[in-house]
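The values are calculated or read from the model by the stated rules, or taken from the named source; none is laboratory data. These numbers were taken from a predicted model, which means no experiment stands behind them. No Cβ is skipped: glycine too gets one built from the backbone with ideal geometry, and neighbour counts run over all protein chains shown. Side chains are part of the model used for accessible areas, which takes the heavy atoms of the whole protein and leaves out ligands, DNA and RNA. Shrake-Rupley method; radii C 1.70, N 1.55, O 1.52, S 1.80 Å.
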Amino acid sequence: MNILVVGRGGREHAIIWSLKRNKKIKKIYCAPGNAGTATLADNIDIGELEFPRLVKFAQENAIDLVVVGPDDPLAAGIVDEFEAAAIPVYGPRKNAAEIEGSKIFMKDLLRKYNIPTAKYETFTDYNAANAYLKQQPLPIVIKADGLAAGKGVAVCFTREEADKALQETMVDKSFGAAGDKVVIEEFLEGQEMSILAFVDGETVRPMSPAQDHKPVFDGDKGPNTGGMGTYSPLPHIPQAIIDESIENIIKPTARAMVSEGRPFRGVLFAGLMITKDGPKTIEFNARFGDPETQVVLPRLQSDLLEIFQATINGSLDKIDISWSNEAAVCVVLASEGYPSTYPKGLPISGLDQISDEDALVFHAGTAIQDGQIVTNGGRVLGIVGRGPGIAEARANAYETANRISYQGKQNRTDIAAKALL
Ligand code: AMP
Ligand code: GLY
């Protein structure tokens, strides 16, 4: 088999690493990839949104399966494009990816089907939004409707913050057209948890849960990022809460999408808050999470290609999917200045001294320049330590992370600390 993976982050590196364990796979291409994917796949210089070029490449290179990593191409309908060319593709169609691409679509769906989520109202008019906002208790959450690279959400603790967030989103258009419409929603208090599930319409096969750390600094301080680190499993969260989330949120949502004529095929990723009234939905993503994937896939004992094929064939209910009891902790090494502006092209050292036994190194923002691996993004590397429990996995991740250096390297030092309290 020949496979084309679309994307350039740590998530795609981890997907390729996991697929590579299947010996039926002859060749993997990654468009456009990074310095890490280049060690396992052939990187090709085509961007994630260049659909005609991607389809042409797949036709000319006898691609048997396309796997799409990021949200943007899914929201823009990449799956529909490959299906129109009769090329098997893993991921939701445009009408199903809308569950991530439009927060208003997602909230209205959950309201219609009575699925637990924060109370909310939606607005297209700034004055109406502002009038409503002034009536609401604090804290309050303001969200741009569309995709905003993880940045369109403001959790506001003061009136000033709330006014500023609404102004930036709807008037200053800091997130472009994504902010033409907004959701203003109730603040949920509790622990966050991510559950990703393989879904083929009706059938939901949950993965082992993970927890992300979004703020850039230790102690959850500073602005939100795409994710500074993750761990899995979550030993401090009772199994009953995980089961309740699957039964009351993820399965009903998959059924709702079928009822709406938008069957979801791919990875449905629920961001959840465990409140005192039970788990509630914060968001849905229509894809693997980054860096959730980096800790979840190394714990998958089953064959990822088989899961992808079963999803496309609608036979996800018929295969075995098992998870290792081992723990995994991912520490993200980022560039100085991230999530704001940051330099690129800085040489990275220490990578050649690390073996998979120490920790897995998944590249995110890296490139090769004159034979040297250099930084090429905000999140540079994800270091995944493994071990019998979170403590060992965490120690392995940090020991290895400390052996890698480049100018301005920044990382959180408290990833997974919550699990050890
Ligand atoms: P999102 O991009 O929707 O995942 O939101 C980013 C982060 O904002 C989440 O991971 C939460 O930490 C926080 N957040 C979003 N919505 C809420 C909410 N209703 N209540 C409390 N925190 C929230
Ligand atoms: N880590 C969160 C995301 O992938 O959206």
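General observations
- Here's how it looks for TYR231: its modeled amide H is under 5 Å from those of GLN211, CYS330, which are all 5 or more places away or on a different chain.
- The stretch 28-99 - Rg (one decimal) and Dmax (whole number), Cα, Å: 11.8, 35
- Three-way shape label, the stretch 241-350, alpha-carbon gyration tensor, a/c 1.5: prolate
- Overall, the stretch 84-137 carries a charge dipole of about 120 debye about its Cα centre when +1 sits on the Cβ of Lys and Arg and -1 on the Cβ of Asp and Glu, all other atoms neutral.
- Exposure rank, largest accessible area first [TYR398, TYR126, TYR231; 1.4 Å]: TYR126, TYR398, TYR231
- Evaluating 6.51 cos²θ - 1.76 cosθ + 1.60 at θ = phi - 60° for every residue in the stretch 204-219, the Karplus couplings come out as 10, 10, x, 8, 5, x, 9, 10, 9, 10, 7, x, 6, 10, 3, x Hz, glycine and proline recorded as x.
- Within a Gaussian network of the chain (alpha carbon springs, distance under 10 Å), most fluctuating of ALA62, ALA118, ALA178: ALA62
- Per-residue ³J(HN,Hα) for the stretch 403-412, Karplus 6.51 cos²θ - 1.76 cosθ + 1.60, θ = phi - 60°, Hz, x for Gly and Pro: 8, 9, 9, 7, 4, x, 4, 9, 8, 6
- Estimated purely from DSSP H runs of n ≥ 4, each contributing -39500 (n - 2.57), the mean residue ellipticity at 222 nm for the chain is -7500 deg cm²/dmol once divided by its residues.
- Binning the alpha carbon pair distances of the chain at 10 angstrom intervals from zero yields the distribution 5, 22, 33, 28, 11, 1, 0, expressed in whole percent.
- Kyte-Doolittle mean at least 0.0, axial Cα span of 30 Å or more - DSSP H helices of the chain: none
- Separation of the GLN372 and GLU392 label points, Cα + 7 Å toward Cβ, nm: 3.8 nm
- Tensor-based shape of the stretch 179-235 (alpha-carbon gyration tensor, a/c under 1.5 rounded, otherwise prolate or oblate): oblate
- Among CYS30, CYS330, CYS156, the largest mean-square fluctuation in a Gaussian network model of the chain, built with springs joining Cα atoms closer than 10 Å, belongs to CYS156.
- Annotation: per residue accessible area for the chain equals 41 Å², rounded to a whole number [probe 1.4 Å, protein chains only].
- Computed magnitude of the charge dipole of the stretch 3-139 (debye, nearest 20; Cβ of K, R +1, Cβ of D, E -1): 580 debye
- In a simple Cβ point-charge model (Lys, Arg +1; Asp, Glu -1; nothing else charged), the stretch 215-294 has a dipole of about 260 debye relative to its Cα centre.
- Accessible surface of the chain [probe 1.4 Å, protein heavy atoms]: carbon and sulfur percent: 48 percent
- Checking the cross-link pairs LYS214/LYS276; LYS134/LYS214; LYS214/LYS409; LYS107/LYS280; LYS103/LYS143; LYS143/LYS214 against a 19 Å limit on the alpha carbon distance flags LYS214/LYS276; LYS134/LYS214 as lying beyond it.
- Amide H contacts of LEU346 (H built 1.01 Å from N, under 5 Å, at least 5 apart or other chain): THR375
- Cα gyration tensor category, rounded, prolate or oblate, for the stretch 166-301 with a/c compared to 1.5: oblate
- Largest accessible area first, the residues HIS236, HIS363 order themselves as HIS236, HIS363 under a 1.4 Å probe with ligands, DNA and RNA left out.
- Between VAL89 and VAL66, the built amide H atoms are under 5 Å apart, and every one of these is 5 or more places off in sequence or on another chain.
- Result for the chain in a Gaussian network model with C-alpha springs under 10 Å: among ARG403, ARG265, ARG11, the largest mean-square fluctuation is at ARG403.
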